[in-house]
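To start, the structure itself, in structure tokens.
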Amino acid sequence: MFTAPFVQTSLPIWARSPQGKVAELRQELNSGGKKDKNYSAKKIALKKIVANMTMSNNDMIALFPDIIDCMNLPSLEIKKMCFLFLVNYSRMKPDIALNALPILINDMEASNPLVRALALRTIAYVHVREFVEGTVQPLKRLMGDMDPYVRKTAAFCVAKLYEHDRKMVETSDLIARLNEMLKDENPTVVSSVLASLVDIWGRSETISLTIDYSSASKLVSILPDCSEWGQTYILESLMSYVPQDSAEALLLAERIAPRLSHSNSAVVLTSIRVILYLMNYIAEERHITSLSRKLSPPLVTLLSKPPEVQYLALRNAILILQKRPEVLRNDIRVFFCNYNDPIYVKVTKLELIFMLTTKENISVVLAELREYATEIDVHFVRKAVRAIGKLAIKIESSARQCIDTLLDLVNAKIPYIVQEATVVIRNIFRKYPNQYENIIGQVIQNIDELDEPEAKAAVIWIIGQYADRIENSDGLLQDYLATFHDETVEVQLALLTATVKLFIQRPTKGQQLVPQVLKWCTEETDDPDLRDRGYMYWRLLSTDPATARQVVMGQKPPISAESEKLDSRTLEELCLNVGTLATVYLKPVQQVFRSARTRRLQYSPALQKTHEDFTATTWKLPAPVANPNPATSPTAAANGSATTPTGSSSAAVSVADSYFNSVAVGTQQMASLDLGGREDGGAGGGGAPQSQYVVNQNQQQAYQPQLAGGSATGELLLL
Amino acid sequence: MLSGILIFNQKGENLIFRAFRNDCRPRLADIFRIQVISNPQVRSPILTLGSTTFSHVKHENIYLVAVTKSNANAALIFEFLYRLVLLGKSYFGKFDEEAVKNNFVLIYELLDEILDFGYPQNTETDTLKMYITTEGVKSAIANNPTDSSRITQQATGALSWRRADVKYRKNEAFVDVIEDVNLLMSATGTVLRADVNGQIVMRAYLSGTPECKFGLNDRLLLDNDAAGPGGSTRGGSLGGGENKMGVGSAKTRAAAGSVTLEDCQFHQCVKLGRFDADRIISFVPPDGEFELMRYRATENVNLPFKVHPIVREIGTTKVEYSVAIKANYSSKLFATNVIIRIPTPLNTAKTTERTSQGRAKYEPEHNNIVWKIARFSGGSEYVLTAEAALTSMTNQKAWSRPPLSLSFSLLMFTSSGLLVRYLKVFEKNNYSSVKWVRYMTRAGSYEIRF
């Protein structure tokens, strides 16, 4: 047997020019002559040509005329290879490609249905005007072909032509004819027609797709007779059916439910999508509950599929859990990580574990998270530690337990664990003032282990905030101030505020440090934030120390751990896209896929929409639609959870944003709030104490799946 | 849907490039190579760059990549890629770089057939093999119009997975119940998680178009069944040897309790509507081997092995192990290829092991002591004692103590307690058929922390 000549890209292995190679192949192609009855010589030559074609050099294009000469040989195998060549090169040499057109047109009238379908399939791949125009007439005939295989090929062909030339298809009656084909008695044809229609729908804002109840019902009835892919296409098309009546929606959902037991996860997840969608139109709570109960086991079963499918199932579980918390009332332990799970599965499981943790199961969860904190992958370990801290904030009654677990971990003195723990302990202090300060000593002990800005800033905040309780707070600060100029802005800002706090609480200790720091911040820095804040403190301290105390040490608004909630509009949209790529990113669909057509819940008398859903969306910032860099752009979700991944100070900025947004809407107190909302609590005492801050410690680095392999893929809901 | 399918080898050479839409340009191959194959920090199977999304799976030494340009159905993409792997294996025995290089023309032919405009079409091996073959000789039948119609009917029909003209002299069906039992046990011996992922694989060598009905000791079904005893006694062992099944034998029904299946997933051929309505598994099987169903059970899982590890770190120079393992099944049964992997610290210099049965060996490349016991009879208990001497390290980092893990296979035992009650075959020629059933339990992720 011959082996494929696979390796000639830049340096030819055989010292021979490309022209030489082409000539040789041409000779080989024509060598057989009359003796070559089975065309075996031609086949071998063609195989070599196809191999060379893949290896991305265009040399083979010179053989185009020879290939066209072979097209009419009575061998399907040869024909297929020639057609592959044609599809590959026709765009580069449309004039030569034209010689193949009569052959294809002729083949479309062949008596063999496989040949007819092959010709039709091939001609529609060729992006050359004459081919596209030449397809229309034969296509119309083949849409009514007696063979279902040809008809299903014809159905997809319409979508292909629509990709080539939208106008031409819209002005012809092809779409109407395609619609007619929905009456076909063959289920495969019907599902192909639907796939084609949905494809066309996705590309054009002008085309609408509506399915009434009787059609939807008929489509559901042919589901069992379709291939698994056909079932998926039908289910996807059902998203265009808008129930007018609660009973209709329920009946359909119940008829789709058996699909949840299909072995193909595309069928399962798409069924879940449709059922979740229909649930929006079902009135009775009882039915909603029973449907929800059906969704849970199949989702968990997907966890025994290959890791990529597991990942998808888990990302969707995060989504569904926010929309219908009753769905995943499973034992949380099914989401515990296996040691050999790929990292992307582990991280997503961790998020789910956090979301599903309650007072009742927190002991099991903490033991589990503790285990994770000993694993090798640093990124994962940090997330586990962070999750423990966030659980302390989420579940008040178990805060003590979480803190003990954290301190236990800190004692192992592994630097990245200590740093992560320091940050979360800072947040715990903020959440529960005057409750757990007795652990300050243990936190401060590890001060030398910290080398990351975020962790340093956290410990400096603790020192500043509790300057009067820490014996040598001035000494600790002084150690950091010694390297003030080498620190990042995040740390410098923290140092500035902490020094001021020290001075306010222990004037004797702080009086030497404050002027020095203020001088550095106002005179020796290029950073405008640092300089402005420096000036502000300076003026404040020099004008009215009492007010300064009130502002700097004022009461801080509470924080919560629920920052990962999607805003309701995004949630609604993503739930209409269960199982798609967007659910991996958990971002508004158009932010990642700009050309995607938006899906919204369509109004009907049966639509059950809660009042909050509407009020919540009224004041929200619109998502940036035409953003040039979708995945790195800020999520304009002002619903109390702005996430602005812009770097080190992002957390502060986003908290401020969300704060202003909530204030602007709520109480109109904007004017009284000058610097309110800085994360380090520099002010805010005079603000609206009832408004919620959101801990946004998850932004230690910008979220950029665009870069380097997307290490953070889909981690909008970082822990 | 899909814009193109690409296959790469591990070096990043593009072996197959098939575009289905105009937006799939050749340079995308370079982008994938740079962003995924040569990037050691890839942590996701999905990567979106600008408007292009690459979804990939790795199989043997090749990458299979789907390129999409829209918010496509991700489940469909991965299912399709895995189906492609399955097809490759069924066509070439093994689907790796060598197979791809030797069969690239056939792969192009397959891709053209199973995807149209990037939408997956019929992917049933049986049907495809009727007109796409490795030898190219047989494809001559596809050149004949009447034979072709048969193929096209098959490819678009409601029974796309089965040819109509199957004939066997002896009609037989083999059923394999294979369970992967997963365990996660904490250092204190608490079971954190124990569940069973089962699959039922069938090899059907049956003539014509047989209608099969398949019955399990599924609690929901038995509860419906007035005749069923529905007892709660659980059968640990299921009797030795390969059972020749009595059709719907009352004896098997009485012998076993029932199991609660958390969830089931079925092959395309199973009539899901019937299962949903009355939990009857009814189907027309494909010819030959296929996976009939998968199920999950979480209640009353029988754990075949109990492991009791004691691991002590003596200072920074030594770790002492004492691992006891006990077989928790009937003495009539025995497990084979029991392998216990006992993690050692990364700075292990040398180890010494003693075992009461089997052999233990240190594998430095995996940081494991591997203890193998070829045959493990029910009820027996074995012990390993070992010691790992550590070299001193400048950077003293705590040992992460990964869990100890087990692999084994145990015939005629199901961890879930599942039993096949009957398999009935109805065919219009009314032939008699012989059915065989076999049970096996394997270790899935069987991990014990210490």
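Things worth noting here:
- Considered as a group, the residues in segment A:203-230 that are surrounded by 17 or more Cβ atoms within 10 Å (Cβ to Cβ) and either within 25 Å of the chain's Cα centre (by Cα) or without any contact (Cβ under 8 Å) to a residue 24 or more places away in the chain (or both) include one that is farthest from A:Ala596 (Cα to Cα), and that residue is A:Pro224.
- Residue match in segment A:148-162 (condition: within 30 Å of A:Lys218 (Cβ to Cβ) and surrounded by fewer than 16 Cβ atoms within 10 Å (Cβ to Cβ)): no
- In segment B:298-319, of all residues being in a strand (DSSP E or B) and within 14 Å of another protein chain (Cβ to nearest Cβ), the one that is nearest to the chain's Cα centre (by Cα) corresponds to B:Val311.
- Of all positions in segment B:57-78, none carries a residue that is more than 7 Å from chain A (Cβ to nearest Cβ), over 25 Å from B:Asp30 (Cβ atoms) and surrounded by fewer than 22 Cβ atoms within 10 Å (Cβ to Cβ).
- Residue satisfying condition, being assigned to a loop (DSSP other than H, G, I, E, B) and either touching a Gly at 6+ places or on another chain (Cβ under 6 Å) or within 14 Å of chain A (Cβ to nearest Cβ) (or both), within set B:Phe450, B:Phe413: B:Phe450
- Qualifying residue in segment B:98-118 (condition: over 24 Å from A:Lys43 (Cα atoms) and in contact with a helix residue (DSSP H, G or I) (Cβ under 7 Å, 6 or more places away or on another chain)): yes
- Residue within segment B:326-337 that is crowded, with 18+ Cβ neighbours inside 10 Å, within 14 Å of B:Arg401 (Cα to Cα), without any contact (Cβ under 8 Å) to a residue 60 or more places away in the chain and among the aliphatic types (A, V, I, L, M) present: no
- Of the helices (runs of 4 or more DSSP H) lying entirely inside segment A:75-154, those carrying at least 3 residues that are within 11 Å of another protein chain (Cβ to nearest Cβ) and within 42 Å of the chain's Cα centre (by Cα) are A:76-89, A:113-123.
- Residue check for B:Gly444: of a type outside the set (Val, Ile, Thr) and either surrounded by 19 or more Cβ atoms within 10 Å (Cβ to Cβ) or part of a strand (DSSP E or B) (or both): yes
- Residue check for B:Ser38: touching a residue at least 12 places away in the same chain (Cβ under 8 Å) and within 11 Å of chain A (Cβ to nearest Cβ): yes
- Within segment A:282-333, being assigned to a loop (DSSP other than H, G, I, E, B) and more than 25 Å from A:Tyr372 (Cα to Cα) holds for A:Ile282, A:Ala283, A:Glu284, A:Arg324, A:Pro325, A:Glu326, A:Val327.
- Residue among B:Glu299, B:Glu262, B:Glu291, B:Glu242 that is modelled with pLDDT of 90 or more and acidic (Asp, Glu): B:Glu291
- Considering segment A:177-191, the residues that are of a type outside the set (D, E, K, R) and under 16 Å from A:Met146 (Cα atoms) include one that is surrounded by the fewest Cβ atoms within 10 Å (Cβ to Cβ), namely A:Leu182.
- Verdict on B:Val338 being in a strand (DSSP E or B), of a type outside the set (Gly, Ala, Ser) and modelled with pLDDT under 95: no
- Residues satisfying the stated conditions in segment A:591-603, i.e. more than 28 Å from A:Gln244 (Cβ to Cβ), within 10 Å of chain B (Cβ to nearest Cβ) and of a type outside the set (A, V, I, L, M, F, W, C): A:Arg594, A:Ser595
- For the residues A:Val410, A:Val381, the requirement of being within 14 Å of another protein chain (Cβ to nearest Cβ), within 17 Å of B:Pro402 (Cβ to Cβ), in contact with a helix residue (DSSP H, G or I) (Cβ under 8 Å, 6 or more places away or on another chain) and among the β-branched types (Val, Ile, Thr) singles out A:Val381.
- Condition check for A:Val345: facing chain B (nearest Cβ under 8 Å) and either in a helix (DSSP H, G or I) or among the small types (Gly, Ala, Ser) (or both): no
- Condition met for B:Gly12 (more than 9 Å from chain A (Cβ to nearest Cβ), at pLDDT 90 or above and buried (at least 21 other Cβ atoms within 10 Å of the Cβ)): no
- Checking the stated criteria, B:Arg169 turns out to be more than 8 Å from chain A (Cβ to nearest Cβ), outside any helix (DSSP H, G or I) and not hydrophobic (A, V, I, L, M, F, W, C).
- Of all residue pairs spaced 6 or more apart or on separate chains, those with beta-carbon atoms under 8 Å, a first member in segment B:173-191 that is under 30 Å from B:Phe426 (Cα atoms) and more than 10 Å from chain A (Cβ to nearest Cβ) and a second member that is surrounded by fewer than 19 Cβ atoms within 10 Å (Cβ to Cβ) and among the aliphatic types (A, V, I, L, M) are B:Ala173/B:Val434; B:Val175/B:Val201; B:Asp176/B:Val201; B:Asp176/B:Met440; B:Val177/B:Met440; B:Ile178/B:Val201; B:Ile178/B:Met440; B:Glu179/B:Met440.
- Hits in segment A:218-253 - residues which are part of a helix (DSSP H, G or I), within 14 Å of another protein chain (Cβ to nearest Cβ) and polar (S, T, N, Q): A:Ser221, A:Gln231, A:Thr232, A:Ser237
- Meets criteria (touching a Leu at 6+ places or on another chain (Cβ under 9 Å) and within 13 Å of chain B (Cβ to nearest Cβ)) for A:Ala51: no
The values are calculated or read from the model by the stated rules, or taken from the named source; none is laboratory data. In this text, all values refer to a predicted model and were calculated from it rather than measured experimentally. With ideal geometry, Cβ positions are generated from the backbone for all residues, glycine too; neighbour counts draw on all protein chains shown.
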